[in-house]
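Trainee: Okay, handing you the structure first.
Derivation of every value follows stated rules applied to the coordinates shown; laboratory data play no part. Predicted model only: the values in this text are computed from it and were never measured. As a convention, Cβ positions derive from the backbone with ideal geometry for all residues, glycine included, and neighbour counts pool all protein chains shown.
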Amino acid sequence: MVRLDKNKSFTEDKSIESLPLPEKVFIPLIQHIGRPATPQVRIGDLVYLGQKLASSSSTISTSVHTSVSGRIVSLQDWPHPVLGKARTIVIENDKKDTSLFTPRSHEQIDRLTPEEIRGIVFEAGIVGMGGAGFPTHIKLNPPKSIDTLIINGAECEPYLTGDYRLMVEKTKEILKGIELISRCLRAKDVFIAIEDDKPEAIKAFNHGLCNTGYGLRILRSYYPQGGEKQLIKNILGKEVPTGKLPFDVGVVVHNVATAFAIYEAVYFNKPLYERVVTVTGNCLNNPKNLLVRIGTPIRELIDFCGPLQKQPFKIIIGGPMMGIAQYTDDVPVIKTTTAVILLDREEAALNEEKPCIRCGACVKECPMGLMPCLINLVSQKGLWFKAEELGAMDCIECGLCSYVCPAKRRLVQSIKRAKLEIR
Ligand code: SF4
Ligand code: SF4
């Protein structure tokens, strides 16, 4: 793990602001790991805020909901921040926010069984909001018994501050979400993991944890501290073996923003139709943490934080280490969008790729103990079985190998390609 220049000062002290409602939203049928959802509305339909637009289509899938009330105007291919393009439902916003939510009483919530909580989470379309996008109802029902729940508030990627602000501003609500998760998992121990560069969040949770029985674990600010396997190793001293998942060692990890979404779904019957996005970078005059409706084009977020100080060379969705550079600002915010980062040419540091000098830096820094230079070599020759033998599937795509490589080899990109080919 390495210490990175975090660049969080752009937004870490900025309270979460709501972005004004967009004229149109673009809701992709796939915003999660797994199969796309199946549409259950038609062009011309009137929809209310939070209405289900498409249902889960297989075991690993989830539903999607509208983030505005209004009229469905099309179902078409549209730019997607992860997949390039995807089938997308377009809705014209009537700006009335007509909704049919009925909040639950405390008595109703106290009586909910784990099965019922999972059902609510499933119906709300909640996915891992740290960027992974795995459907949450599945992680609330692991196939093996769990003894430890870790709530991930590390937010170790540079520039990102949405989770930090959520932890500071919504501490009680996140704790209620954690209580619901631990009811589902029946975990014996619950730990909340926060990096030591987030003093206000540590203060808020130190105060909020009284009488909960949960533990606070303050981690040193290193990258990639927030990876599930790294958290488990650092907090519990347990290694998740190659090819295994956290539940294989009796642990489940959920992100703080996911805990907050679970709280909103259970207490207010609110589906996942908005999220906090950090809009930042050295090209912006007014970087912010924004509460944004899913489906809002990122152009509207950028305009709201403008005017631009300088022309961006690169727009990244997600963090600079694991995020994805975008080819258009038409792409919408989806459930896994943690940030929109605008970088100038210098910050983007897109240097020319040179031959490997066999320095071993990538091997030394890889948190998964892989040999990225070798996986890169065999992947370039299309030897996918060799890449698999070298453990490509264990790569957590943290980007550290590319970051430390003096030859600027595109290591993580070639390993991602190898993983796709192996799958
Ligand atoms: S090989 Fe994968 S896990 Fe290892 S440093 Fe590179 S991106 Fe991270
Ligand atoms: S860090 Fe770059 S130059 Fe060094 S061994 Fe790895 S791929 Fe080669």
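Trainee: Output the residues belonging to the range 147-177 that are of a type in the set (S, T, N, Q) and assigned to a loop (DSSP other than H, G, I, E, B).
Mentor: Hit for the range 147-177 is Thr161, nothing else.
Trainee: Shifting gears a bit: Given the structure, is Val412 outside any loop (DSSP other than H, G, I, E, B), within 11 Å of ligand 1 (Cβ to nearest atom) and in contact with a Gly (Cβ under 6 Å, 6 or more places away or on another chain)?
Mentor: yes
Trainee: I want to confirm something. Restricting to the range 364-418 and keeping residues that are away from ligand 2 (no atom under 11 Å from the Cβ) and among the aromatic types (Phe, Trp, Tyr), which single residue is farthest from Ala132 (Cα to Cα)?
Mentor: Phe385
Trainee: Restricting attention to the range 262-305, which residues are free of Cβ contacts under 8 Å to residues at least 40 places away in the same chain and either aromatic (Phe, Trp, Tyr) or part of a loop (DSSP other than H, G, I, E, B) (or both)?
Mentor: Result: Asn285, Asn286, Cys305.
Trainee: Quick check on my filter: what residues within the range 324-350 are within 17 Å of the chain's Cα centre (by Cα), more than 18 Å from Gly128 (Cα to Cα) and assigned to a loop (DSSP other than H, G, I, E, B)?
Mentor: If the condition is that a residue be within 17 Å of the chain's Cα centre (by Cα), more than 18 Å from Gly128 (Cα to Cα) and assigned to a loop (DSSP other than H, G, I, E, B), then Gln326, Val331 are the ones that fit.
Trainee: Moving on to the next point. Restricting attention to the range 361-393, which residues are part of a helix (DSSP H, G or I) and surrounded by 19 or more Cβ atoms within 10 Å (Cβ to Cβ)?
Mentor: Selection gives Cys362, Pro372, Cys373, Ile375, Asn376, Val378, Ser379, Ala387, Ala392.
Trainee: Of the conditions (1) part of a helix (DSSP H, G or I); (2) of a type outside the set (Gly, Ala, Ser); (3) within 18 Å of Gly162 (Cβ to Cβ); (4) within 16 Å of ligand 1 (Cβ to nearest atom), Met321 clears all except one; give me its number.
Mentor: Just one mismatch for Met321, condition (1).
Trainee: Oh, and also: From Lys354, Lys335, Lys381, which residue is away from ligand 1 (no atom under 16 Å from the Cβ) and closer than 25 Å to Pro28 by Cβ?
Mentor: Within the list Lys354, Lys335, Lys381, the selection yields Lys335.
Trainee: Which members of the range 236-262 meet the condition of being closer than 17 Å to Asn141 by Cα and not aliphatic (A, V, I, L, M)?
Mentor: Residues satisfying the conditions are Lys244, Pro246, Phe247, Asp248, Gly250, His254, Asn255, Thr258.
Trainee: Kindly indicate the residue of the range 25-77 that is closer than 17 Å to Val127 by Cα and of a type in the set (Lys, Arg) and also surrounded by the fewest Cβ atoms within 10 Å (Cβ to Cβ) among those meeting that condition.
Mentor: Result: Arg35.
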